[in-house]
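Heads up: the structure comes next, in structure tokens.
Read-outs: derived from the displayed coordinates by stated rules, not from any lab. On a predicted model such as this, the values are computed, not experimentally measured, just so you know. We place every Cβ from the backbone using ideal geometry, glycine too, and count neighbours over all the protein chains shown.
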Amino acid sequence: MLFRLLARPLLAGLTALWLLFGTALPAWAEFSLPPLPYAATALEPAIDATTMTIHHDRHHGAYVSNLNGQIAANPALADLSLDALQGQISAFPLAVRNNGGGHWNHSQFWAVLAPAGQGGTPSPELLAAINKNFGSLEALQTQFNQAAAARFGSGWAWLIRKADGSLAITSTANQDNPLMDLPGIERGVPLLGLDVWEHAYYLKYQNRRPDYIKAWWALVNWNEVNGRWARAGVGA
Ligand code: MN3
């Protein structure tokens, strides 16, 4: 009699727990789209609000949902952070590489930008490294712009900190990035990455990629880049 009295609430309790954890567990492991850290209009006029909204909500949003769509077929994804995934990307199929890279790259892209005049300047430590490796900030920008303009088709230009502590400029195709363990990629910790996919600029600049690159420099969030530089050497 006692068992019969307890059985029903016990079963109900277990069912509730199963509903709670059984459905919540996959959700914890999923990747999520970070909100823009500023209004979509905040980077105007260099980057217009329509481009920002479509780029963030639809393009970045699609990388996140497509990456989550790969978890069932690649359960190891559920145990990896987005950062850790990049360094193990060669173990996964192309869809994970494209969408996992797209998610990482765009998450950094929003973070390294700020409204014009609000991004600060390179820290004395970073500027010393820039001067040592490139001669000047202007020389870095010239080399970066060349890498961004010369990337054929879709991809990214990057300022990276290499394992030996030096700075370098490199570029990657599609949604690859310098963290990926792939042949042909110059590896390092990305400090600043520029999206040169046409979806990043075409509405306003059409085929004038160099004009977009030039305008973009005014939006660089050096405060964020300084932090990435400071953290990149830790434990290296
Ligand atoms: Mn993009």
Subject >> Rounded if a/c under 1.5, otherwise prolate or oblate - the chain, Cα gyration tensor axes >> reply: prolate
**OP:** For each of Thr172, Thr50, count neighbouring Cβ atoms within 10 Å of the residue's Cβ, then give the residues from fewest to most.
**Re:** Thr50, Thr172
**OP:** Would you mind pulling out the separation of the Cα centroids of segment 161-216 and segment 89-125, in Å?
**Re:** 9 Å
**OP:** Would you work out which of Ser166, Ala149, Trp110 lies farthest towards the positive end of the dipole of the chain? Charges go on Cβ: Lys and Arg +1, Asp and Glu -1.
**Re:** Trp110
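Could you please report the charge total around Val196, scoring K, R as +1 and D, E as -1 over all other residues with beta-carbon less than 10 angstrom from its beta-carbon?
Numbers: positive: Arg151, Arg209; negative: Asp195, Glu198.
For residues surrounding Val196, the net value is 0.
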**OP:** Using a/c under 1.5 as the rounded threshold, could you call segment 124-232 rounded, prolate or oblate? The axes a ≥ b ≥ c are square roots of the C-alpha gyration tensor eigenvalues, and prolate needs a/b larger than b/c, oblate otherwise.
**Re:** oblate
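So if I place +1 on the C-beta of Lys and Arg and -1 on the C-beta of Asp and Glu, and nothing else carries charge, what would the dipole magnitude of the chain be about its Cα centre? I want it in debye, nearest 20. Numbers along the way, then the final one.
Working: 15 positive and 16 negative charges, 60 e Å.
Dipole size: approximately 280 debye.
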Original post:
With charges set only on the Cβ (+1 for Lys and Arg, -1 for Asp and Glu), what does the dipole of segment 124-232 come to about its Cα centre, in debye to the nearest 20?
Top reply: 120 debye
Original post:
Fewest first, what order do Leu203, Leu43, Leu94 take by the number of other Cβ atoms within 10 Å?
Top reply: Leu94, Leu203, Leu43
Subject >> Shape category assigned to segment 71-200 from the gyration tensor of Cα positions, a/c cut at 1.5 >> reply: prolate
Original post:
So what's the angle, to the nearest 10 degrees on a 0 to 90 scale, between helix 222-232 and the longest Cα principal axis of the chain?
Top reply: 70 degrees
Original post:
So, by mean Cβ neighbours within 10 angstrom, what's the order for 76-89, 183-196 with the highest one leading?
Top reply: 183-196, 76-89
